[in-house]
Amino acid sequence: RNFMTHFFCGNGRPCNDPSSPAALAQALHNMQYKYAAVGVAEEPYLSAFVMSKVMPSVWKHADTAQGNVPPLTASGVDGLSKENRAFAAELNSNDLKLYNA
């Protein structure tokens, strides 16, 4: 549960419970101040473009990657019932807040 929050939070005491408000606050802080850029899987081309602007020496060929990355679809999510989507959202509420920040 809340795997993104746990990852971005780190190993400090508030991160022991990634569903806590303290873990979310620490994860948001870390994302803002300890990462040059954060991409999202749903937007691989946009993420690569942002990375190429923030870290051009590392991502210098990002503009040529578009044809090599298959598009991501949400078909797995579309197949979930409303109840299962709500359950997943409840279990990952901090991740949803982090994602939408």
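Bear in mind that the values in this text are calculations on the coordinates, not laboratory data. Computed from a prediction, not measured in an experiment: that's the story for all the values here. Using ideal geometry, Cβ is built from the backbone for each residue, glycine included, and neighbour counts are taken over all protein chains shown.
Can you list the lysines whose alpha carbon is less than 24 Å from that of K97, not counting same-chain residues fewer than 8 positions off?
Filter leaves K34, K82.
Going by average Cβ neighbours within 10 Å, how do the peptides 38-45, 90-97, 1-8 rank, with the highest at the top?
On the way: 38-45: 12.8, 90-97: 16.9, 1-8: 18.4.
Packing proxy ranking, top to bottom: 1-8, 90-97, 38-45.
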